[in-house]
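**Q** Quick one: the structure is below, questions incoming.
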Amino acid sequence: IQLGGHRLGVCIADVVGKGVSAALLMANVQASVRAFATESESPARLCAKVNGLLCENIATGKFVTFLYGIIDSQTRTFQFCNAGHLYPILLSGGSARALEQGGAVLGVFPDWKYEDATVELRADDRLFLFTDGITEATGADGKEFEESGIAAFEIGRAHV
């Protein structure tokens, strides 16, 4: 989502369940994000607003893992709020690290206080946002790819 000349809003989410009900829930989340994402809205405030809306309307047993962040090309930062989603991985200077900031999933705790985190980005950094569709994928050996597989794959690619 373009947030002015040098800021870009990015998000990734995963809903519990499958099928039509999960697709409708995700459509609801997407519409909420587009409605609430403005140039002045912080990631934590956006998460709190979407959470409040979902808590009022979501079916029992349903929830959403969600991460929303703002990439600022002028300050070279990524400000983000993680609501129960898998930690993003930052590849920087040949090493990978998980951005281990997080809060509760959306749609369960109406009064949860979400918090922002900010990381500085360098010119050659890579930031990976992903869902469990990647980490739970299995190879021919039956082993799951996992978060460590993403980091190892990208570090190997960076040296090619």
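The values are calculated or read from the model by the stated rules, or taken from the named source; none is laboratory data. This is a predicted model, so every value here is computed, not measured. Note: ideal-geometry Cβ built from the backbone for every residue, glycine included; neighbour counts use all protein chains shown. All accessible areas refer to the heavy atoms of the entire protein, side chains included, with ligands and DNA or RNA removed. Shrake-Rupley method; radii C 1.70, N 1.55, O 1.52, S 1.80 Å.
**Q** Could you work out how far apart the two model spin labels at ALA23 and SER42 are, taking each label as a point 7 Å from the Cα in the direction of the beta carbon, and quote it in nm?
**A** 3.8
**Q** Taking the Cα centre of each part, how many Å lie between segment 4-81 and segment 111-125?
**A** 14
**Q** What do you reckon, how do PHE109, PHE128 stack up by accessible area (1.4 Å probe), largest on top? List each step's numbers first, then the result.
**A** On the way: PHE109 100, PHE128 45 Å².
Descending order: PHE109, PHE128.
**Q** Which value in nm describes the separation of the simple spin-label points at ALA98 and ARG76, placed 7 Å from the Cα toward the beta carbon?
**A** That separation, rounded to one decimal, is 2.7 nm.
**Q** Based on the Cα atoms of segment 1-64, what semi-axes does the equivalent ellipsoid have, where each is the square root of 5 times one gyration tensor eigenvalue, given in whole Å with the largest first?
**A** The three semi-axes for segment 1-64 are 24, 13, 8 Å.
**Q** Let me ask something else. From the alpha carbon gyration tensor of segment 1-131, can you work out the equivalent ellipsoid semi-axes (sqrt of 5 times each eigenvalue) and give them in Å, largest to smallest?
**A** Numbers: eigenvalues 132, 51, 33 Å².
So the three semi-axes of segment 1-131 are 26, 16, 13 Å.
**Q** Then there is this: For segment 25-145, report the accessible area per residue in Å² (1.4 Å probe, heavy atoms, rounded to an integer). Intermediate values should be presented prior to the final figure.
**A** Details: 6530 Å² over 121 residues.
I get 54 Å² per residue for this part.
**Q** With every protein chain left in place, what is the accessible area of THR118 in Å² (1.4 Å probe, nearest 10)?
**A** The accessible area comes out at roughly 90 Å².
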